[in-house]
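> First, the structure itself, so that you have it in front of you.
The values are calculated or read from the model by the stated rules, or taken from the named source; none is laboratory data. What you see is a predicted model; the values in this text were computed from it and never measured. Counting neighbours? That spans all protein chains shown, and the Cβs are built from the backbone with ideal geometry, glycine included.
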Amino acid sequence: MNTNPFMKKSKIIFSTLILSTLVLANLNFVAFAQSAEEISDTTITDEAINETVFTAVITSVNSIEINKNIIFDASKTLHPDSQKELKYKWDFGDGNKKEGVEVVHNYTTLGQKTVSLEVFDGSETSTITKEIFVHQKIIMFITDQVNLKERIEGFKNYARDRDVEVIMIESYESATEFISGEILGRKLSEEIANLKRIDAIVVWTNGDAGMNALSSIKQQQDSSGEATLTFDNKTILVLTHGDTKVGQIQRQYELLKPKNIVIAKEAAIYPFIDSPDNETFLLRMKDDGYEYSLANASTGKLQLWNFMSYFVNYLVDSGIPANTVVLILLLPIIATIVAFMKQVVGLTTFGVYTPSIITLSFWILGLKFGITMILMIFLVGAAMRYLLKQYRLLYIPKMAIVFSAVSLIVLAMLIISIRFKLFDAQFFSLSIFPMLILATLTEKFVNIQSNKGFLRALVLSLETVFVSIIAYLAIDALKGFILIYPEIILATIFINIFLGRWTGLRIVEYVRFRDVLRHVEEE
């Protein structure tokens, strides 16, 4: 009996997939068994769970400002007899002692203090200690600079040596400015209590990720009806490598309304930590010759050429995420770059929509990961079309099979990325929709492949990806200027009118017809 060769290939592929799945399932089972074994080694018996051990417990904050009251609570102390009368003795580590289940203390000296609690039930004593840091100033440090992690830790140690407490809010695992802003926003939403008690803020992130996160939290608090989060008496220091301008930060100033936003280089962190207040900090910056810029009420005057900045602020203040507004502003720029590459350079793409979507996806996912994913998707689409072309399938079911294969590849990429710690779960939870949008572009590639062949489809895909990379690099370089002057998107209309009337040769055509042009010049 004759057997279709394609059926043989399909059986082999199917068998391989089944075998791989079984192997993966076996590995997961082994890992689960190992985890279960580890858990069983430390499992608490039912008898131990039911038996309450006499244990003293201290409930309090971990740090307190000097000369401020701190409450120490021992009411959560555990004892087998809940009706037993207990005696509580406190030693605050500064020579002062008190008694009682809940006490209030005021530290008048700075530094690390060891608080001890003795609980006596008449026959036994349970003792516990806790470290309390008494500071003169508390700073929140917002960062995503993973390459400078050790240096930032050095800043934290420098601050602690000077009795300054530092609360770290980091997103070291983020890959892009967009993702970083979202992760920092989530973490800040869990630190509202600390945001209300800090004295100052340091922001050192890629682009506007940290400031956008702060603006988002401020807006959420204002619209929630809860106690308003204010930055009136706080100074925000924005550390930069020299590419951040006052205009870029002015939008956030209008939303946050702090005392000042100071834009300076890394070295400014030292006088910022050392100075007890904003006035002393600015005076020292001036006297010691530090370069810095200020964003405050006097730097944000309305001008004819930046009227749209106030509309942007209005949208963000009304609850529209800052990252959403940025994407809206970038879209006309991306489309104009695509039009320029087509009309002037001569590169052909999958229309305007496809390279625009790819560029925005690169912006969210990161260039390396985005390129890897889009190329994988196109290659899987080509492979699936080759496997399915011998079947007489209708178009829609065929594309559904292709999408299924692409989805499995995306799932495999997620597993590999998590397994080898290339990205964490937060990254994928925020970027899954751009990934799925990229996956749907497979249909465009398969259509071109069906109509014009694999080679033409491959060339067209590579040109589309290349144009998207150029657009990504362009908006990455122009983003700061666009945010300062969003009015520039109005200029794209006139640029596209000019491009629409372009009648000259394209750059690619000069290269393609160079021999003909040389012959014409010789005549």
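> What is the number of the single condition among (1) surrounded by fewer than 17 Cβ atoms within 10 Å (Cβ to Cβ); (2) in contact with a Lys or Arg (Cβ under 8 Å, 6 or more places away or on another chain) that ILE484 does not meet?
(1)
> If we scan the stretch 407-414, do we find a residue that is touching a residue at least 60 places away in the same chain (Cβ under 8 Å) and part of a helix (DSSP H, G or I)? Outline the logic, then answer.
Restricting attention to the stretch 407-414, the residues satisfying the condition of being touching a residue at least 60 places away in the same chain (Cβ under 8 Å) are none.
Checked against the condition, which is being touching a residue at least 60 places away in the same chain (Cβ under 8 Å) and part of a helix (DSSP H, G or I), the stretch 407-414 yields no hits at all.
> Turning to a different aspect of this structure: In the stretch 111-154, how many residues are of a type in the set (Phe, Trp, Tyr) and closer than 18 Å to GLY93 by Cα?
1
> Can you say whether ILE320 is hydrophobic (A, V, I, L, M, F, W, C) and not in a loop (DSSP other than H, G, I, E, B), as far as the supplied structure shows? Talk me through it step by step, then tell me what you get.
On the way: hydrophobic (A, V, I, L, M, F, W, C): yes; not in a loop (DSSP other than H, G, I, E, B): no.
Against the criterion (hydrophobic (A, V, I, L, M, F, W, C) and not in a loop (DSSP other than H, G, I, E, B)), ILE320 does not qualify.
> How many of the residues making up the stretch 130-162 are assigned to a strand (DSSP E or B) and free of Cβ contacts under 8 Å to residues at least 60 places away in the same chain?
0
> Answer yes or no: is there a residue in the stretch 421-433 that is outside the structural domain of SER180 (by TED's automatic domain parsing) and touching a Ser or Thr at 6+ places or on another chain (Cβ under 6 Å).
Yes; the residues of the stretch 421-433 include at least one that is outside the structural domain of SER180 (by TED's automatic domain parsing) and touching a Ser or Thr at 6+ places or on another chain (Cβ under 6 Å).
> Within the stretch 216-226, does at least one residue satisfy the condition of being among the polar types (S, T, N, Q), assigned to a loop (DSSP other than H, G, I, E, B), modelled with pLDDT under 90 and in contact with a helix residue (DSSP H, G or I) (Cβ under 9 Å, 6 or more places away or on another chain)?
So far as the stretch 216-226 goes, no, none of its residues is among the polar types (S, T, N, Q), assigned to a loop (DSSP other than H, G, I, E, B), modelled with pLDDT under 90 and in contact with a helix residue (DSSP H, G or I) (Cβ under 9 Å, 6 or more places away or on another chain).
> I'm checking my understanding of the structure. Among residues of the stretch 93-127 that are at positive phi and not in a strand (DSSP E or B), which one is farthest from the chain's Cα centre (by Cα)?
GLY122
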